[in-house]
Each structure stands twice: as structure tokens, then as C-alpha cells.
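Read the figures in this text as sums done on the coordinates, not as results from a lab. On a predicted model such as this, the values are computed, not experimentally measured, just so you know. Virtual Cβ from ideal backbone geometry, glycine too; neighbours counted across all protein chains shown.
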Amino acid sequence: MNETASPSTSPTGHPAGPRPRRAGVELRSLVRGDIVSSIQAGWRDFKAAPLYGLFFGGIYALGGMAIVALFSWLKLPWIGYPLTMGFALIVPFVAAGTYEVSRRLERGEPLSWDAVFGAVWARSGKDLGWMALVTVFALIIWVDFAIFLFLMFYGLRVPGFVEFVTVVLTTQKGMLFLVVGNAVGAVVAMLVFSITVISFPLLADRDVDFVTAMVTSVRAVLANPVQMIAWAALIGLMIGFSILSGFVGLFVALPVLGHASWHLYRKLVV
């Protein structure tokens, strides 16, 4: 008597229907030199497909320019500064296109605008979209902290740009405001970094839920604290210098960081 395959299995013995999501993700440990090699690989990917990188970097750069212009026009420079710096919190989502470009280059798949945008769009309607909401919420919290600290130090009086910079850099109260503000910002930034550094490329690569992606990202940071803090500091320095350049540097810095993030993810996740 011939046995027939169960309806729940394929003839090969594997479950039929949609592939179930994995409950966990296995991680590797980073070794000395992984950060540098990831940056080098990111630079190679940028040179291999510069138009894609310049496009995604340009979105971020022009967005930063628009923020500065808007709050300068509104005469609210004290909001423009933390919002501009906090804008870095959404870099992982803005760089999602670079992950797809690096993925295709790595696998030898053809590159096209339709393929890259199609992949990002398809994933943004799923858990990648939820992850984007998490980062936007973090940006809102960041700005709320900035407003609260400003009101705590200066009350409701809104100084002009020149007066604000002079007070911050030449008075004890201003220096304290600068130190406390940047310290609080650094804590928030590190928390957001911990839940996003691996989650975005993981969601771009695999069919996992965004909670699993965030947990995996935190696990990666806790398992490699020295290397991941160094990576966070490098991102902060590159974004900071790019902002000081009038955001022009972001045309290159963002895609290189995005490509490098993909390669660091590939080193971390089995």
C-alpha cells in the first residue's frame, strides 16, 4: 500500500504553505578589525553603485537642510539644533535602500531602481514599517527632552540665534545646559542605537517580526559592547562632521554608513 503525503507537508517532507518565522536569531562575536573592514566594504559598495548612494544620502541631507532653514525662519534655533542632531536617529530607516543595494551586490543580483524601491516598499508595509514608527517615536521623545530642558533652564523667553549661542558658550548656566542636554541626548541615542543597529538590516534580509529584530539588536550590542560603542561613536562623528559641512557630507557619509551597516550585520548574524 502506497502512503500519501499529509496535506500539511510537501512531497519532500517539508511543511507546505508559508515558511514559519524563526523564533530566534543566532549571533556571532565581533573581532578586532570588523568595524574597519565593514567601513571598507561599505565604501566599495558605494563606489560600485554611487547613484543609489547619492540618492539616499541626498534625501537625508536635504531633509537636514530643510529643518535648519525652517527653524531659523521661525527664530527657534534651540529646537533646530537638537532636532537636527536627533535626525540621526532615523538614519537606519533612511538607509534601508542601501541595505538592499548591498544585498544585491553581495549576491550578484541585478541592480535597478524598480528592484531596490520595490523591495524597500514591500518591506515597509510589514515589520520594517513598524520599526520606522519606533524610530520616529524616539525622535519625538528626543525633541520633548530638548524642549523640557530648555524650559527648565531658560523658561518661556525665546532668545535669538546669536544671543542663544553667546549665552550657551560664555556662561556657567549655558555650559551646564549644553552638558546636560548632550548627556541626555547621548543616553537616548545609545538606547535607540541598541534597538536599531541590527534590526533594520535584519528586517530587510529576513522574515522576522520587528520585536524579534529589536531584541536581536540589543543582544548584539550586549554581546559586543566595546565594538558596538565604537561603531556608535564612529556613526556620531561621521554624521556630526557631515552636519558641520552644511549637510553636504551626508551625500556620501550616509550611504557609506548604510552599506557598512549591512556588512556589519552580516558579520554579526549567522
Taking GluC sites (Glu not before Pro) as exposed when in a DSSP loop with at most 16 other Cβ atoms inside 10 Å, the chain has its longest clean stretch at 27-270
Net charge (Lys, Arg +1; Asp, Glu -1) of residues whose beta-carbon lies under 13 Å from that of S29, S29 excluded, is +2
Among A122, G181, F55, the residue whose Cα sits farthest towards the positive end of the charge dipole of segment 34-268 (+1 at Cβ of Lys and Arg, -1 at Cβ of Asp and Glu, taken about the Cα centre) is G181
A student asked for the Cα radius of gyration and Dmax of the chain in angstrom ought to give 21.5, 92
Rounded to the nearest 10, the angle in degrees between the Cα long axis of helix 50-73 and the longest principal axis of the Cα atoms of the chain comes to 30
The set of residues whose placed amide H lies less than 5 Å from the amide H of V269, leaving out same-chain residues fewer than 5 positions away, is R28
Sorted on mean Cβ neighbours within 10 Å (highest first), peptides 36-43, 255-262 come out as 255-262, 36-43
Toy charge model, Lys and Arg Cβ at +1, Asp and Glu Cβ at -1: the chain dipole around Cα centroid in debye, rounded to 20, equals 300
Scoring only Lys, Arg, Asp and Glu (+1, +1, -1, -1) among other residues with Cβ under 13 Å from the Cβ of N224 yields +3
Taking the chain and counting helices only, DSSP H stretches of n ≥ 4 at -39,500 (n - 2.57) each over all residues, the nearest-500 ellipticity at 222 nm comes to -24500 deg cm²/dmol
Helix 161-170 sits off the longest principal axis of the Cα atoms of the chain, rounded to the nearest 10 on a 0 to 90 degree scale, by 90
With 0.36 nm assigned to each residue of separation and the Cα-Cα distance removed, R157 to E109 gains 11.6 nm
